[in-house]
Ligand code: PMP
């Protein structure tokens with residue numbers, strides 16, 4: 001596969017943007033080599049600037065659950081563009097998207113639209129703090145909630161640790177009110193709440209982690225968070241930026257039957273346009289300005305294009321129910337990858353919930369960041385490039401989940417499994 005034009009464009013980009021990109025995850029840093037520059041997407045496929053075609057399992061890191069350029073989304077966008085792109089004033093489309101969110105995610109009684117997942121989580125933790133009058137936020141290692149200063153904090157030891165910032169520029173003062181615990185560790189949660197009964201404003205978590213590869217919650221873990229938040233008066237913030245409308249139409253909270261106090265949304269809720277949302281209990285949301293006193297705002301929030309794409313996406317998901325097909329296709333991939341790895345003699349385990357899947361290059365179950373950190377990431381990198389050469393675009397890091405879309409056909413899945421057989425066999429050579 002030749003990627004001459006891609007190379008030229010990226011060489012220019014490196015002089016224009018830090019590292020040549022506008023977000024680090026797409027820079028291929030974890031797999032070595034240069035990112036591919038794309039020209040267009042159609043259904044389950046991406047085409048790069050050199051004309052190479054790839055089956056896409058990233059889907060813009062989650063939003064494109066219907067595939068690229070879905071007719072309903074395209075038409076909704078065209079109609080919206082013709083009416084003007086931003087007014088900074090109420091529109092009926094905002095109601096339309098809010099109504100769909102509230103209908104599909106019943107724990108959300110009131111919702112505020114923002115412009116990214118990061119804004120959603122940033123606002124949700126401010127609200128939790130303002131509502132409870134407490135300072136501390138609990139998060140879990142390996143969970144990503146956007147680049148909010150106080151959430152850019154890595155894990156310490158297995159016990160609860162006070163936050164240590166893991167990006168220069170995040171001050172110790174900002175990080176000190178973040179407490180990091182290991183994911184799926186109920187005992188650590190018990191100990192933490194016993195020691196800090198009156199200090200925890202909220203617990204924010206990914207109900208299925210996508211950001212250390214796909215790691216499902218162990219039975220009882222989400223229930224334990226709910227129980228402690230109820231008992232100690234902390235706000236339970238389920239970060240469904242990735243899982244919302246993905247693992248079920250009502251998100252992970254529907255799949256696992258857990259009702260959070262606040263939910264953060266992004267990705268699919270904007271159908272490929274920049275959007276985020278946070279919402280939940282009406283009594284908590286009532287504290288947001290101008291209904292209440294907690295500040296949060298946005299010039300482009302509730303933007304006509306983003307709400308048009310979001311409505312079209314959610315409405316199509318509701319009308320077509322792609323979830324059984326998404327699940328069966330992803331299960332086939334999981335089984336195909338596992339069988340191919342076994343045949344090639346390459347140790348792997350998988351993590352999957354619905355259409356989120358990760359093939360971990362590790363020989364033991366991955367339940368936490370502490371487990372995930374032991375994966376053979378160099379081997380993942382080789383697998384990634386072998387798949388690229390066979391026209392399959394997987395996440396460019398061991399620590400990202402792949403996403404199957406409703407546009408993937410039986411044939412796409414079969415082709416991907418065939419590619420994986422060859423790619424995994426090639427790893428042994
Ligand atoms: N929360 C989760 C669970 C995410 O996966 C992400 C992004 N991958 C974010 C928050 C941040 O969203 P955004 O990139 O839109 O700011």
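Here, each number is a calculation from the coordinates, and none is a lab measurement. Quick caveat: nothing in here was measured; it's all calculated off a predicted structure. Here the Cβ is made from the backbone with ideal geometry for all residues, glycine too, and neighbour counts use every protein chain on show.
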Handout entry: Packing-based ranking, highest mean first, of 10-20, 70-80, 51-61 given that Cβ atoms within 10 Å are counted
Key = 51-61, 70-80, 10-20
Fill in the blank from the handout: Residue span residue 364 to residue 429: 0.36 nm per residue of separation minus Cα-Cα distance leaves a gain in nm of 21.1 nm
Exercise for the section: Write down the Kirkwood hydrodynamic radius of the range 158-261, to one decimal in angstroms, obtained as one divided by the mean of 1/r over all alpha carbon pairs. Expected result: 14.6 Å
Practice task
Looking at the range 71-320, send over the antiparallel percent of its DSSP beta bridges, to the nearest 5.
Solution key: 45 percent
Exercise for the section: Mark the label point 7 Å from the Cα of residue 5 along Cα→Cβ and return the residues of the range 45-59 whose backbone N is within less than 17 Å of it. Expected result: 46-54
Fill in the blank from the handout: Taking the convex hull of the alpha-carbon atoms of the chain and averaging its shadow over every direction gives an area in square nanometres of 20.1 nm²
Exercise for the section: Can you figure out the FRET efficiency of residue 38 with residue 191, using R₀ = 60 Å and their beta-carbon distance, to the nearest 0.05? Expected result: 0.80
Fill in the blank from the handout: The extension gain from residue 297 to residue 102, computed as 0.36 nm times the residue separation minus the Cα-Cα distance, is 68.2 nm
Handout entry: For the chain, built as a Gaussian network whose Cα springs stay under 10 Å, the top-fluctuating residue of 346, 153, 208
Key = 346
Fill in the blank from the handout: The rounded separation in angstrom of the Cα centers of the range 344-397 and the range 294-342 is 21 Å
Problem - Fraction of the pair-distance distribution of the range 70-215 above 23 Å, Cα-Cα pairs, percent - result: 48 percent
Exercise for the section: Could you pull the Rg and Dmax for the range 246-372, using just the Cα atoms, both in Å? Expected result: 19.2, 61
Exercise for the section: Would you calculate a helix-derived [θ] at 222 nm for the chain, using -39,500 (n - 2.57) for each DSSP H run of n ≥ 4 and dividing by the full residue count, to the nearest 500? Expected result: -11500 deg cm²/dmol
Problem - Gain in span if fully extended, residue 409 to residue 320, counting 0.36 nm per residue against the direct Cα distance - result: 30.5 nm
